[in-house]
Amino acid sequence: MKRFLFAGLLLAAGLAGQAQDTTVKKLQTDATYTFKKDPNDTLSKTWKTGGVFNFNIAQGSLSNWAAGGDKFSLALNSLLSTYAFYEDGRRHWDNTLDLNLGYINTTSQGTRKNDDRIDLVTKYAYDISKKWDVGVLANFRSQMLNGYDYTDSSRTLTSKFFSPAYGLISPGLTYKPDKSFSIFLSPVTVRGTIVMDDSLAAKGAYGVDSGSHYKTEFGAFATVRFFKEFSKTISFKSRADFYSNYLHNPQNIDVYWTNLLAIKLGKGFALTYALDLIYDDDVRLFGPHSDAPRAQIRSMLGIGLSYSFSNR
């Protein structure tokens with residue numbers, strides 16, 4: 001009897017060991033299993049989002065410097081450029097938002113704003129061919145903080161949030177021969193100028209009638225866009241907007257042109273150069289040149305931190 005009991009225990013132990021060995025092998029196989037995508041699964045992301053954030057800082061100081069200059073200077077500039085692109089078959093919705101803000105502090109002039117911009121562009125379109133689409137484009141531009149025109153003894157308010165602000169709605173056609181270049185054309189565009197500040201509105205600043213907060217224009221609009229990555233480290237982005245007001249001096253075309261060259265200097269650092277030009281026939285500058293419109297030019301060169309992000 002004892003012999004049969006002992007044999008039974010050995011058999012049970014052997015079966016248990018074999019089962020345990022099978023389980024371990026199965027777990028090892030599952031852990032190293034590579035999941036393969038079903039070839040019939042064609043679902044792709046319809047939203048592509050991302051952007052870049054740049055932060056530049058420059059500081060200088062002088063002590064007993066014979067050539068002269070400010071004893072201390074500090075400049076801070078930031079740029080956030082984001083995008084959100086939606087695509088579903090021939091339909092696509094493209095959105096971009098650019099935010100710029102910069103300040104400079106010097107011993108002689110104190111703290112002043114040297115850059116401030118909000119620029120939102122959204123366009124919903126339908127492809128009618130490989131190189132053409134039809135759709136509606138909208139654009140909003142303004143600034144975040146107060147801006148001033150300075151003299152030796154005083155300062156004058158020139159801008160603030162929604163003073164001015166520009167809004168534009170434009171149905172039209174887009175010609176896009178390749179991924180880096182496109183031209184949008186619209187013969188029927190409504191553009192509005194908003195000046196919410198009472199003191200600026202009373203002066204008739206930015207083309208609004210004196211005492212009015214709004215101005216509406218009707219005309220033709222075109223925008224040319226270019227973006228090219230020449231290498232993994234060098235990219236260039238340019239956009240030029242043109243607007244002609246049918247109701248007042250249509251031959252005087254308003255221009256908004258912005259350019260950004262970015263050169264990566266290693267992980268997390270970049271050199272950027274921005275050049276902007278604005279000409280608005282309805283804008284009279286503050287100060288000694290307030291009698292006629294002038295070309296407004298901004299040029300900024302900076303080296304600093306750079307961070308890119310995307311869901312791709």
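The values are calculated or read from the model by the stated rules, or taken from the named source; none is laboratory data. Since we're looking at a predicted model, the values are computed, not measured. No Cβ is skipped: glycine too gets one built from the backbone with ideal geometry, and neighbour counts run over all protein chains shown.
Here are the numbers:
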item	result
Residues that are at pLDDT 95 or above and of a type in the set (Phe, Trp, Tyr), drawn from the stretch 137-160	Phe140
Lys176 touching a strand residue (DSSP E or B) at 6+ places or on another chain (Cβ under 7 Å), surrounded by 15 or more Cβ atoms within 10 Å (Cβ to Cβ) and more than 24 Å from Gln143 (Cα to Cα)	yes
Subset of the stretch 112-150 (residues that are within 16 Å of Leu168 (Cα to Cα), in contact (Cβ under 8 Å) with a residue 60 or more places away in the chain and touching a Ser or Thr at 6+ places or on another chain (Cβ under 6 Å))	Leu137
Failed condition for Val190, given (1) at pLDDT below 95; (2) over 30 Å from Thr106 (Cβ atoms)	(1)
Test: residue in the stretch 200-216 that is farther than 20 Å from Asn54 by Cβ, in contact with a His (Cβ under 9 Å, 6 or more places away or on another chain) and loosely packed, with under 15 Cβ neighbours inside 10 Å	no
Which listed residue, of Thr107, Thr122, is modelled with pLDDT under 95 and surrounded by fewer than 16 Cβ atoms within 10 Å (Cβ to Cβ)	Thr107
Some residue of the stretch 203-225 being over 21 Å from Leu168 (Cβ atoms) and touching a Phe, Trp or Tyr at 6+ places or on another chain (Cβ under 7 Å)	no
Some residue of the stretch 283-290 being modelled with pLDDT under 90 and in contact with a helix residue (DSSP H, G or I) (Cβ under 7 Å, 6 or more places away or on another chain)	yes
Strands (runs of 3 or more DSSP E) contained in the stretch 146-239 and holding at least 1 residues aliphatic (A, V, I, L, M) and in the same structural domain as Ile278 (by TED's automatic domain parsing)	155-159, 165-178, 181-194, 214-229
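Residues checked against (1) modelled with pLDDT under 85; (2) in a strand (DSSP E or B); (3) assigned by TED's automatic domain parsing to the domain that holds Phe269; (4) among the polar types (S, T, N, Q):
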| residue | (1), (2), (3), (4) |
| --- | --- |
| Gln28 | yes, no, no, yes |
| Leu43 | yes, no, yes, no |
| Lys48 | no, yes, yes, no |
| Gly51 | no, yes, yes, no |
| Gly60 | yes, yes, yes, no |
| Asn64 | yes, no, yes, yes |
| Gly68 | yes, no, yes, no |
| Thr82 | no, yes, yes, yes |
| Glu87 | no, yes, yes, no |
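Here's the yes/no breakdown for (1) touching a Lys or Arg at 6+ places or on another chain (Cβ under 8 Å); (2) in contact (Cβ under 8 Å) with a residue 60 or more places away in the chain:
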residue	(1), (2)
Gln59	no, no
Lys71	no, no
Leu74	no, no
Asn77	no, yes
Ala84	yes, no
Trp93	yes, no
Leu97	no, no
